[in-house]
Each structure stands twice: as C-alpha cells, then as structure tokens.
Amino acid sequence: MVTGIPVLAARGVYKRFPGSLALSDVTVEFPVGNVTALVGENGAGKSTLMRILAGLDRPDSGIVERAGVAVDLTETATLNHGIALIPQEINLALALTATENILINHEPNAGLLVNSQKERETVKTLMERVGFSVPLDIPTRHLDVAQQRIVEILRALSRDADIIIMDEATASLGFEAARTLRVTTRALVATGKTVIYVSHYLDEVLAIADQIIVLRDGQVVAIRTPSETDSAELTELMLGRPLSKFITKKKNFHPGKQIAKVSNLSKTRCYSNVNFELRCGEIVGITGLVGSGVSHVVRSLAGVNRSDSGHILVDGIAPKNGSLKAHIDAGVALVPGDRKAEGLLLEKSVSWNISLPSIAMTRPRVIINLTWMHTTAQTVMTRLKIKAPHPATLVRNLSGGNQQKIVIGRWLMSDPKILILDEPTRGIDVGAKEEIFGVIRTFAEEGKVVLYASSEFAEIATVCDRVLVMSHGHIIAQLQGDDMNEHNILLAAYEQKRIENADEC
C-alpha cells in the first residue's frame with residue numbers, strides 16, 4: 001500500500017437524506033499518482049461520496065482533507081483545489097471544436113478577441129505533455145465517444161486539475177472505446193495525477209485500479225488491491241452474500257416454433273442483408289464492436305427506424321415498416337439503450353411510467369383510473385423487486401437499476417411476444433443485473449423470445465442461448481453451445497475487423 005500524506009481524504013463522513021443514511025462514518029484515502037476505484041451496489045453511497053469530494057454536496061459531519069489540510073469544498077472551491085468531476089453523461093458543447101470545449105470560459109485573449117492560434121498552441125502543448133491526441137478543429141459531435149471523453153479530461157487538465165473523478169466513464173462506451181479510455185487513464189496517473197474511478201464493471205476495475213474501495217449500505221466494508229481480490233469476492237462484498245447461480249443457461253436447450261423472421265434487411269450506411277430468425281423460449285444475443293450496426297438493427301426490428309429493404313415477419317405477418325405502434329401491436333417491445341432519454345418520464349411517478357403503455361393500448365384514453373395505475377405499479381414493483389418507497393415516487397429519485405426495471409416491467413405488462421433489450425445492464429450494479437437476468441430468463445421460459453443486444457461479450461455468453469455477431473452492418477458469425485464464450489465472440493468480432501482493415505490498405 002502507498003504511504004505518506006494522501007492527496008485527498010474523507011474522514012468520519014456522515015450524510016443523511018430524508019428517510020435514509022447515505023454515508024455512515026466513511027473514512028477513505030486517495031494516494032497521489034494512483035487510480036482508486038469505488039465500487040458498490042446502487043444506493044451503496046458511491047455517488048454521495050463522489051458528490052461530496054466534488055463539492056456538489058456537503059457532509060453532515062466529518063471532514064475532507066486536501067494534502068492533509070481540512071478544506072470546505074464547494075463546487076467552485078474544488079477548481080481552486082485542483083479537483084475535477086467527469087460525469088457519466090458526456091457534457092460537451094457538441095457544436096464547438098475540441099479546442100473550444102477544452103478552453104471554454106478561460107480562453108487566451110488578444111485584447112477583446114479570442115486568440116484562436118494561441119488556443120490551438122495551448123491545447124497542443126497540453127496534449128503533448130500527457131500523451132493524448134484528438135482532432136482539434138472539427139465539432140466534437142463528429143468525434144467518437146472515447147475521443148469526447150478525452151476532451152473532457154483535457155478540459156479538466158487545462159484547469160490544472162490534479163485529482164480527476166470519473167463517474168461511470170465507460171458506461172456508454174463500446175469495447176474499443178472503453179479500452180482506449182483505460183489506457184488514457186493509466187497514462188494520466190503516470191504523469192502524477194490522481195484518479196477516482198467509479199464503475200460497475202468489476203473486470204475493468206481489477207484491470208485499471210491500484211486500490212479498490214468497496215461500499216455497502218453507506219459504509220466502507222473493504223479496501224483491496226487487485227492482487228488481493230477477484231470479481232467473485234468483490235461481488236460478495238458488495239452484496240453481502242454470494243451471487244446466485246440461476247443465470248446459467250439451460251443445458252440441452254431446444255427452442256420452440258419460429259416466432260419472427262428477418263430476411264435481407266438493409267439500410268444504407270447502417271446494415272446490409274441481415275438474416276436471422278427468433279424462436280419461442282430462447283434468449284438470442286446480438287453483439288459487435290462500435291459501428292457494427294447492432295443498435296440500428298434492433299431499432300428497425302422494433303419499428304423505431306425504417307429499413308430500406310427486406311422483410312420482418314412476426315408470426316407470419318409483416319408490421320408496417322418504421323411504425324412503432326404497428327410493431328407494438330404485433331407483440332414487439334423495445335427497452336431502449338438510453339433509458340433516461342427514450343425510456344422514462346423522469347419527472348413522473350413510478351405508477352405513471354409503468355402504466356402509460358398499457359393505458360394507451362387497453363384503456364379509454366379519456367379515463368385514467370388512478371387506483372388501477374397504483375395497483376398495476378405495485379404488482380410490477382413486487383414482481384421485479386423494484387426498490388421505491390411508493391408507486392407515487394418520482395422516477396428521477398431512483399437508482400439506475402430500479403429505473404431500468406421499471407422500463408422492463410412496463411413492457412412485461414403489455415405481454416409481448418418478443419422483448420428487445422438494448423444494452424439493458426448499462427450503468428447498473430451487479431445485484432440489479434442478477435435480478436434482471438432472472439426476469440428475462442423467466443420471460444423466455446414462458447415461451448416468449450428475448451433479443452439481447454449488448455457490447456458486454458462476457459454477459460452475452462452467460463445469459464444467452466445463442467449469439468449473432470455483427471461487423472460493419474453484417475452478421476458475420478452465429479455461436480451457440482460450447483462455442484459460445486467470451487473468447488470466441490471477441491475473436492469473431494475482431495477477426496472480421498482485422499480482415500476489413502487489411503482490405504482497406
């Protein structure tokens with residue numbers, strides 16, 4: 001373990017919110033030039049601790065120390081103390097260039113005007129110092145998500161930040177982009193910076209962290225180095241119990257009748273000649289690297305996006321191309337990848353969010369039966385173990401895992417034939433994942449179909465009965481049985497990418 005005065009520390013910190021004790025006597029230290037990971041279930045206290053360290057919340061008692069000296073952190077004061085927070089959601093002005101985003105609000109001036117040449121020189125010098133590189137002169141909307149994350153890091157460094165707090169920085173990234181960011185993070189600490197890394201991805205944490213702090217129910221329950229632990233122990237520490245084994249696939253699985261068929265589906269610059277079928281009782285994975293076309297395909301299958309050609313049949317009938325309502329009526333339901341933007345009304349209650357699709361499909365629109373809504377919501381909350389004080393609770397006040405279970409539960413109430421899940425476990429903790437895996441397995445065992453789109457290869461191999469691997473808009477492999485493992489999925493995706501890159505040379 002690292003000795004000496006930590007660059008940042010919290011000592012004896014308590015934080016209460018109405019009805020809950022978020023942090024209880026938390027003492028943690030963050031050594032200089034290290035990556036310290038914070039892990040725990042949603043509601044364990046990670047976000048509250050992170051917000052206190054970033055100056056967004058104040059502790060009820062206890063102190064925060066900067067280099068051994070007690071400090072009173074506010075959002076403004078954190079900048080003066082060299083602390084920067086990179087939030088889970090990308091927070092850039094996408095119409096501005098990388099240079100403009102990095103130096104926003106502290107641009108070098110030439111009299112009353114911004115000195116654009118000096119801006120570029122300042123950013124180039126900064127990139128050379130830390131070994132990063134991104135295109136500087138194009139709008140950041142044209143950068144990939146890993147490059148956008150690097151822009152956020154460079155913006156923090158341009159303000160002389162020595163401590164960078166990353167909140168689920170890779171949650172919205174694909175495999176390659178996440179790997180790029182991990183390399184970037186290690187390069188950052190090699191220059192003497194300190195990183196506080198909040199993540200639900202335990203394999204990622206074990207690969208990148210120097211120390212791992214485990215929180216449960218607002219308390220620190222363990223501090224480990226990666227060499228002292230593994231993902232199984234971290235999971236048990238987070239949950240306070242062993243992880244259930246029910247998520248394993250069924251042996252000798254034999255799917256039922258065909259329920260959907262996709263034939264020669266194509267959409268310009270998105271995917272081409274996609275063919276597959278879905279059968280009753282199975283969980284089918286669909287995966288690939290960033291840009292493979294997975295999300296475009298599942299959104300077309302759900303009727304969100306139009307295809308240019310090809311056919312989608314559900315029980316032998318073709319829903320109207322590009323009509324979400326027609327696909328819902330045919331029994332197809334989509335849990336979208338961005339639950340906050342597309343899946344939830346954050347300022348509405350749990351009961352509203354769960355009941356709205358059922359109201360639209362089965363009840364007179366001029367009559368809203370609040371008792372029925374409450375009862376329906378309570379049924380879903382019990383079935384999916386949604387942790388909320390009451391059906392009237394606003395959805396924005398719930399954890400990511402409970403929000404996701406609300407979106408899934410909403411569509412289960414409509415009794416679909418096909419449930420499409422787009423990145424269903426993004427940004428949720430291991431306990432919520434376990435519960436969601438159980439829900440979808442039960443759904444499939446009832447004779448329905450799950451199409452499970454995810455960039456998590458290990459998760460796909462664990463949950464699914466077979467997997468379709470995509471690359472550059474084409475399905476290039478189908479794996480099942482003993483052949484369906486993380487190694488083979490990765491090999492299929494990357495081997496095709498290697499061949500395509502060679503063809504481009």
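Readers should treat all values here as calculations from the given coordinates under stated rules, not as data from a laboratory. Model, not experiment: these values are computed from the prediction. Positions of Cβ are backbone-derived with ideal geometry, glycine not excepted, and every protein chain shown enters the neighbour counts.
For the stretch 344-415, the Cβ-based charge dipole about the Cα centre amounts to some 100 debye (Lys, Arg positive; Asp, Glu negative; other atoms uncharged). Rg/Rh, computed from the Cα trace of the stretch 1-84 with Rh as the Kirkwood radius, has the value 0.95. Rounded to the nearest 0.05, the FRET efficiency derived from the C-beta distance between residue 219 and residue 94 at R0 = 30 Å is 0.15.
Label reach from residue 370 (point 7 Å along Cα→C-beta): in the stretch 388-411, amide nitrogens under 16 Å belong to 390-394. Charges were assigned to the Cβ only: +1 to each Lys and Arg, -1 to each Asp and Glu. The resulting dipole of the chain about its Cα centre is roughly 1460 debye. Note on residue 60 and residue 191: the model spin-label points, each 7 Å out from Cα along the C-beta direction, lie 4.0 nm apart. Spin-label model, residue 117/residue 346: points 7 Å from Cα along the beta carbon direction are separated by 4.3 nm. In this structure, residue 129 and residue 387 have a Cβ-Cβ separation that, at R0 = 45 Å, corresponds to a calculated FRET efficiency of about 0.50.
Pairs over the 23 Å Cα-Cα cut-off, from the set 348/387; 46/433; 15/193; 15/348: 15/193; 15/348. Summing charges over neighbours of residue 147, with a neighbour being any other residue whose Cβ is under 14 Å away from its Cβ, gives 0 when K and R count +1 and D and E count -1.
What does the extension gain come out to for residue 159 and residue 338, with contour length at 0.36 nm per residue minus their alpha carbon separation? Spell out each step's value before the answer.
Working: separation 179, 0.36 × 179 = 64.44 nm, distance 3.07 nm.
Length difference between fully extended and current span is 61.4 nm.
Write down Rg/Rh for the stretch 344-415, rounded to two decimals, with Rg from the C-alpha atoms and Rh from the Kirkwood relation over Cα pairs.
Across the stretch 344-415, the Cα-based Rg/Rh ratio is 0.93.
Length available on full extension from residue 254 to residue 313: 0.36 nm per residue minus the Cα-Cα distance, which gives 19.1 nm. Going through (i) 68, 59, 50; (ii) 76, 49, 46; (iii) 133, 70, 35, the figure that equals Cα extents along the principal axes in Å as computed for the structure here is (i). Only one residue of 142, 460, 202 has its Cα farthest out toward the positive end of the dipole of the chain, where Lys and Arg carry +1 and Asp and Glu -1 on Cβ, and that residue is 460.
Simple spin-label estimate for residue 231 and residue 442 gives 2.5 nm between the two label positions (7 Å along the Cα-to-Cβ direction from each Cα). Our compactness index for the stretch 348-484, the C-alpha radius of gyration over the empirical 2.2 N^0.38 Å, is 1.17.
Think of the stretch 360-475 as a dipole: +1 on every Lys or Arg Cβ, -1 on every Asp or Glu Cβ, centred on the Cα centre; then among 412, 388, 370, 370 lies furthest on the positive end. Rounded to the nearest 20 debye, the dipole size of the stretch 376-505 about its Cα centre is 840 debye, using +1 on the Cβ of Lys and Arg and -1 on the Cβ of Asp and Glu. Hey, if you put +1 on the Cβ of every Lys and Arg and -1 on every Asp and Glu Cβ in the stretch 8-239, which of 234, 130, 45 ends up farthest toward the positive end of that dipole? Farthest towards the positive pole: 130. As a calculated quantity, the FRET efficiency between residue 203 and residue 27 at R0 = 22 Å, using C-beta atoms, amounts to about 0.20.
Does the stretch 276-345 classify as rounded, prolate or oblate by the C-alpha gyration tensor (a ≥ b ≥ c root eigenvalues; a/c under 1.5 gives rounded; else a/b over b/c gives prolate, otherwise oblate)? Verdict is rounded for the stretch 276-345. What is the log10 of I(q)/I(0) for the stretch 8-55, computed with the Debye formula using one identical point scatterer on each Cα and no solvent, at q = 0.18, 0.27, 0.32, 0.33 Å⁻¹? Debye intensities relative to I(0), on a log10 scale: -0.57, -1.18, -1.42, -1.44.
Rg and Dmax, both from the Cα atoms of the stretch 8-239 and both in Å, are 18.1, 60.
Only Cα pairs under 8 Å and at least 6 apart count here; give the relative contact order of the stretch 344-415 as a rounded whole percent. Normalised by residue count, the contact order of the stretch 344-415 is 48 percent.
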